Each structure stands twice: as C-alpha cells, then as structure tokens.
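Colleague: One structure is given below, represented as structure tokens, and several questions about it will come after.
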Amino acid sequence: MKRPEGFEPPPEPAPEPPADGHGRPSLADRLARRRRGAETSASAPGASDDVDTGPVSVVTGPPRASRSARIGRPAAAGPAAARPEVARPADARPADGRPEAVRPAEPPRIGPADTTAAAARERAAEARRAARRASRQRRRVEKSEVRRFTRRSRHRRATWTAVGAVVVVLVASVTVAVFSPLLSLQEIRVEGTSRVDASAVTAAVDDQLGTPLALVDFDRITGELEQFPLIASYVTETAPPHTLVIRVTERQPIATVATADGVDLVDPAGIVVQRLDGRQDGVPQVDVGGAPLDGTAFRSAAEVLLALPLTLRSTVDTVTASTADDVTLALTSGEQVVWGSAEHSEKKAQVLAGLVADQAKRDPAASVEYDVSAPDNGIIRTR
C-alpha cells in the first residue's frame, strides 16, 4: 500500500538516558532535552524570535521562596521588543516539565563601620576591659594551678614553720625563767608554824632573795631548816613571779618526860618539843626508868599511845615501860592496864575500850585492872 504524500512517519522516541544514583536524569541529559525542546519551539509556526538557544547555566543551591529565572537573551529591536511580557506564577515550570534554575542567595552585607572618635574610644575601652578580664582570668587559673602543684611543699613548709615557732617559744620561755630578773625571788612566806618562829625560818633562807625562781638552791634550804628541831617536815612551793612559800609541819608532842631540870614535852620520836616547868594537862607522862628516849622502851610506849583513840588517850595518866614488852598504863580514874608489847596495839585498844565500857555498866566505883596483853582474851581483875 502506498503511503500518501505529505505524511511523515512519527519520529522514533529517543532512548531514555540513564538515570543518576538518585533515580533522576543526569545533568547532561537534562541539558540535551532542554536544547531539543528549544529547537522544537523555534521551528514551530508562530514561534517567538526571542528564544535563546544558547547554553544554559544551572546554579545549584538552597531553594528560595520565589523560584523564577529568565532564560534567553534580550529581545531584538522591533515589533517583538514592544511585546509585553506575560507574568508567570512562581511555581510555573518550563514546557519540558523541569524546574527552573535557582538563583543563589544574596550574601550578607556588612555596613560601613562607625569611624567617629567617640566610637573609636568606646571600642578601645571595650578592648581594654576585655583584656583586663582575660588577664584576671589567666592569673586566677595560674594561681589555682600553682596552689595545686605546690600543696605538698606548702604543707611541709608550714610544718617546719610551726616546729620552729614552738622551739623559739620554748627557748625564749626557758631563757626568761632561768636568767631573767623578771622571775627573781623577792618574797619568802612561811606557813603552818605555831611553836616555830616564822621570822627565824625566813631569816635562815633569805640569802636566796634575788635569785631566779628556777635557780633557787633547795638543798641549801633543806640544810638550813634541819637546824629547827620542831620542824618535822616541810614543803616548798614557788608562786611566780616573785614568791617562795614554805609550808611547815611541826612536831606534835605526845608525852612528857621528867628530867632534872623540869619536864620535857616530847614527840613520838623522842625529840624535845618544848621544855616546861611542870606537867601539861591532858598529856600523859612516860617513865622509862632513865632509859634514853631513842631506845626501844620509849618507842614501845609511844607506839601504844598513838594506837589509843583520842578519847581514851586523854584518860591516861602515866605510861611505864622498862623494856619493849612490859608497857603498863595508869588511868586517871585509878585503874591499871597491862598492855604488854606494842604488837597488835590497834586491836588491844579496841578490846580495852570494850572492857572499860562493860565495867562502867557493872560497877563503876570498883578498883579493877584490865589485862589486854592477849588481845583475843581481855581480862578484868578486881584489886
């Protein structure tokens, strides 16, 4: 069959170009398709003469709110130049259905700087303040780092400083106490004396005046106080800054002993406390038959008197002892007490107190003798 003239078979469709990795045609294919579309439009009857078939530039960038681009060249002079342009909506697309090229975003514009003198001074002041803040921050950080890295050395230095200060204080204190006249002895006070002359004691040790309290010679004071027989013991106490206190314990008399010159008041050690013209009331008399007062007979008699209670001792008139085992007491009421030796004197004193109380209930007017030489078996004998 013969094909009519003037009828051209339709062109065969071009093969689809390969797509890119995202399923879209490549840029070269899109440009080729755009050229073909432009040529087709130009060859069509009534096509406009102001279509530009030159190269098309595509700018990629972020999409803008208004997507519009003009593709082509300036319209030629003539009637086509006076043709009014038809406004297209923002989302209009070309004939081939592809989006138009997007213009790049306008870069930010920086206005001209303020070059006045006041603005320059303000900027300089702000720069100086920022520099000072940075300097303070840097110094703060440096100080914290220095403290962190020097902590051990600072602790060691503080320890040695404290030890040195303590040593200096001790040395200064010892120096002041030993060698300084600020703590010298200027007053001696004697306490606890009744029979001993306190002024005599003070005069015996006044050669220590002016000596620092730490250098007072107490051995010399002991030697001086030994010259006073009525002093049984003493205690010294320093009362800074200038006083020395001497507390004296005097010998306490326990009995009297008859002598050729009168009566001697003696203590338990046989030391004569005072010489009297006659007997003293309330103090028993000891008769040891001329034996020395530092012998065993007087020592046993004194031990018996010390073992008696104070109420019972006041009723003793005389104590007789020729040896240490035959102590005999004579009471002011006329009764006799056979004591024996000084052993178990405390128990014998309790037994004697019981016997005296029992006899006072039975027959207080009777003359009796108490025997406590055996403390487990007290005896009352009628004389």
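Only the coordinates and a few stated rules stand behind these numbers; no lab work does. Here the structure is a predicted model, which is why all the values come from computation and not from measurement. Backbone-built Cβ (ideal geometry, glycine too); neighbour counts: all protein chains shown.
Colleague: Determine the relative contact order of the stretch 182-224: mean sequence separation of Cα pairs under 8 Å and six or more apart, normalised by residue count, in whole percent.
Modeller: Computed value for the stretch 182-224: 47 percent relative contact order.
Colleague: If you don't mind, there's one more thing I want to ask. Binning at 5 Å from 0, report for the stretch 233-383 what percent of all alpha-carbon pair distances ends up in each bin.
Modeller: Calculated P(r), rounded to whole percents: 2, 9, 17, 19, 16, 12, 9, 6, 4, 3, 2, 1, 1, 0.
Colleague: Continuing with this model, one more query. Between residue 338 and residue 177, what is the FRET efficiency for a Förster distance of 56 Å, r being their Cβ-Cβ separation, to the nearest 0.05?
Modeller: 0.35
Colleague: Right, here's the next one. So if R0 is 35 Å, what FRET efficiency would residue 249 and residue 163 give, r being the distance between their Cβ atoms, rounded to the nearest 0.05?
Modeller: 0.20
Colleague: A follow-up question, please. If R₀ is 25 angstrom, what is the calculated FRET efficiency for the pair residue 276 and residue 187, using the beta carbon separation as r and rounding to 0.05?
Modeller: For R0 = 25 Å, the calculated efficiency reads 0.10.
Colleague: Tell me, what does the Kirkwood hydrodynamic radius of the stretch 333-383 come to in angstroms if you use every pair of distinct C-alpha atoms?
Modeller: The Cα-based Kirkwood calculation yields 11.0 Å.
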